[in-house]
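> Below is a structure I'd like to ask you about.
Each value in this text was obtained by applying a stated rule to the coordinates, not by laboratory testing. Here the structure is a predicted model, which is why all the values come from computation and not from measurement. Note that each Cβ is placed from the backbone with ideal geometry, even for glycine, and that neighbours are counted across all protein chains shown.
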Amino acid sequence: MDYETLDPEDWAQTQKLAHALVDSAIDYTKNVRDRPVWRDMPGDIRDRFLTDVPKTATPLADILRDVDDTVMAYPMGNTHPRFWAWYMGTSNFTGAMADFIAAVQGSNLGGGNHAAALMDQQVVQWLRQMIGMPEGASGTLVSGGSVANLIGLTVARNTKAGIDIREEGLMALPAPLRFYGSDQMHSCHQQAMETLGLGNKALFRIRTGGDMTMDLEALKFAVADDRANGVVPACVIATAGTVNTGAIDNLAAIADFCHEQDIWLHVDGCIGALVAIAPENRWRVEGIERADSIALDPHKWLHAPFEVGCALIRSRTAHLSTFSLTPEYLKTANRGLAAAQWLHDFGIQTSRGFRALKVWMSLREHGVEKFGRLIDQDIAKGAHLSRLVEEAENLHLMFPTSINIVCFRYDPGGLDEAELKALNIEIMLRLQENGIAVLSDTTVHGQHCLRAAINNHRTANQDLQLVVREVQNLAAIVLKDTAGS
Ligand SMILES: *Cc1c(COP(=O)(O)O)cnc(C)c1O
């Protein structure tokens, strides 16, 4: 051979290893319930991530064993039936196979005239249909919700700037722009505003009521006040499913207001946009289809392996004119590999991964109706856990559960706010450390609580009963420990 290559010298040997790898991957997924949700890594495992770059070759079999001993043995735990921290998806095996195939096929989804590029656009259109956005809307698959939101807010900024902001920049703005979101909106919006050069102060936080949704009177007041002061109200960021409590803003009323005021409506639907496919709960997101842009997250409620998010933009023209660097009047080649709209024209990446396949394969395998039922199921599990909490001694539901996020805490009475917080954090940490369940915590309107976000197609009711019992057991132990010390 007159060249060196990365291909194996012995394909038969690679085939054997790959077959064994598939077998153990199936066991790993099938038996996830039997492992602890999470466990901390001993020092010798941590040390293995501190070695220098390898200069020489290692047999693949040894490498795969190392991966088993380290990466596979100490996962984050979010594929486990009792992982309910922050807000994640639970992955699925078909999606994992898809990621493997996508890598084998190896296409760059920056675009071009090939099958994967057509599938990329097909998945965007499937997501558009699932949300109910009108035909003609465009979109792009991105790394996740944060980037999907950044894409939406960028199109909003450019459309509402009143100048050619791509050419002139922010300094040429005739008047400052204001964006509005509730005080419960995700932190990625602040990052987006900072990244866009608009700054955090241009993002007005509208207060929320007891149900944690945006107070519309406060929004109307803020917009009127800005107009009176020469500030241009550019964009309202409504949230369909807040990260703290799962609250869904009144999308229809906000859409009416934005329409009347000529303000861009962006919906952060990273949690809740897909409730639109859930028959029992879709009424909660009515009006979402009227948004100018929507961010959603197939790696959450479609359980695609990380990463895949999606930005949908009602106006394809506005979308392209924000990102495209190919002038409209220049046609791409009408034959050959470049005979297609470049997909990098819809966002900020040039090379793009083949994210569509994992969504496409599992949507085909199960059908969209099943994903809708799974969303209803998680929301029912949220209601079930809320009931268990209300019935359990010393457990208190902190906020009404809207969808699948349950905020609660252990309160034996007689403790002040700081002591309650310390107690509940200790319970949460011990739960994680004993591997039984992973919850996270948050503070909403000044009150600290534990938080279970049930975005999990593996959670059974017995898992919820177990965590309630375990929280009570641990509380008793922690209280005894504290009394003794
Ligand atoms: C998860 C989430 C995001 C961020 O999405 P990533 O996929 O983690 O980047 C944004 N907004 C809300 C409401 C979310 O729940």
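> Given that compact globular proteins tend to follow 2.2 N^0.38 Å, what is the ratio of the alpha-carbon Rg of the chain to that value?
The value comes to 1.06.
> Also, quick follow-up: In whole Hz and in residue order, list the ³J(HN,Hα) couplings for region 174-188 that follow from phi through the Karplus curve 6.51 cos²θ - 1.76 cosθ + 1.60, θ = phi - 60°; x for Gly and Pro.
Along region 174-188, the couplings run x, 8, x, 9, 10, 10, 10, x, 6, 5, 9, 5, 5, 5, 5 Hz.
> Continuing with the same structure: Does a label point 7 Å from the Cα of R207, set along Cα-to-beta-carbon, have any residues of region 179-194 with amide nitrogen under 20 Å, and which are they?
Output list for this probe position: 179-186.
> Let me ask another. From the cross-link list K16/K358; K16/K370; K358/K381, which pairs have alpha carbons spaced over 30 Å apart?
Beyond 30 Å: K16/K370.
> Let me ask another. I want to verify the translational diffusion coefficient of region 369-484 in µm²/s; compute it with Stokes-Einstein, Rh as the Kirkwood radius over Cα pairs, at 37 °C and 0.692 mPa s.
After rounding, the answer is 226 µm²/s.
> Compute the relative contact order of the chain as a whole-number percentage, counting only Cα pairs closer than 8 Å that sit 6 or more residues apart in sequence.
Relative contact order of the chain: 22 percent.
> Oh, and also: So, in nm, how far is label L118 from label Y3 when the simple model puts each one 7 Å beyond its Cα toward the Cβ?
Between L118 and Y3, the label points sit 2.9 nm apart.
> Let me ask something else. Whats the longest run of the chain with zero chymotrypsin sites (Phe, Trp or Tyr not before Pro) that are DSSP loop and have at most 10 other Cβ atoms within 10 Å?
Of all site-free stretches, the longest is 50-328.
> While we're here: From the Cα trace of region 261-341, what convex hull volume per residue do you get, rounded to a whole Å³?
So the per-residue hull volume is 145 Å³.
> Calculate how many DSSP beta bridges within the chain are antiparallel, expressed in % of all such bridges and rounded to the nearest 5.
Within the chain, antiparallel bridges account for around 55 percent of the total.
> What is the calculated FRET efficiency for I101 to D481, with r their C-beta to C-beta distance and R₀ = 60 Å, to the nearest 0.05?
0.75
> A further question follows. Which lysines does K421 reach when only Cα atoms under 24 Å apart count, and residues fewer than 8 places away in its own chain are ignored?
Straight-line reach from K421, under 24 Å: K480.
> Continuing with this model, one more query. Extending each Cα 7 Å along its Cβ direction at E167 and L64, get the distance between those two points in nm, one decimal.
5.8 nm
> Report the GluC sites (Glu not before Pro) located in region 73-179 that are in a DSSP loop and have at most 13 other Cβ atoms inside 10 Å of their Cβ, or state none.
Passing sites in region 73-179 are E135.
> Considering only DSSP states other than H, G, I, E and B, which trypsin sites (Lys or Arg not before Pro) in region 384-457 qualify as loop sites with at most 13 other Cβ atoms within 10 Å?
none
> With a cut-off of 8 Å between alpha carbons and a minimum separation of six or more residues, what is the relative contact order of region 107-353 in percent?
About 29 percent, as a whole number.
> Region 1-56: percent of C-alpha pairs farther apart than 14 Å?
More than 14 Å apart: 76 percent of the Cα pairs in region 1-56.
> Region 300-362: which trypsin sites (Lys or Arg not before Pro) are DSSP loop and have at most 11 other beta-carbon atoms within 10 angstrom?
Those satisfying the criteria are K331, R335.
> Ordered by residue, what ³J(HN,Hα) values in Hz, to whole numbers, does region 148-157 give under the Karplus form 6.51 cos²θ - 1.76 cosθ + 1.60, where θ = phi - 60° and Gly and Pro are x?
Working through the residues one at a time gives 4, 5, 4, 4, x, 5, 5, 5, 4, 4 Hz.
> Please express the shape of region 48-102 as an equivalent ellipsoid: the semi-axes are the square roots of 5 times the eigenvalues of the C-alpha gyration tensor, given largest first in whole angstrom.
28, 16, 10
> How high is the relative contact order of region 369-484? Use alpha-carbon pairs under 8 Å, at least six apart in sequence, and give a whole percent.
27 percent
> For region 299-307, in order, what is each residue's ³J(HN,Hα) by Karplus, 6.51 cos²θ - 1.76 cosθ + 1.60 with θ = phi - 60°, in whole Hz (x at glycine and Pro)?
Per residue, the Karplus-derived 3J(HN,Hα) values read 7, 9, 7, 9, 6, 5, x, 4, 10 Hz.
> Please give the calculated 222 nm ellipticity per residue for the chain, where each DSSP H segment of at least 4 residues contributes -39500 (n - 2.57) and the sum is spread over every residue; nearest 500 deg cm²/dmol?
Computed mean residue ellipticity for the chain: -13000 deg cm²/dmol.
> Rounded to two decimals, what is Rg over Rh for region 107-353 when you use alpha-carbon atoms and the Kirkwood radius?
The Rg/Rh ratio comes out at 0.97.
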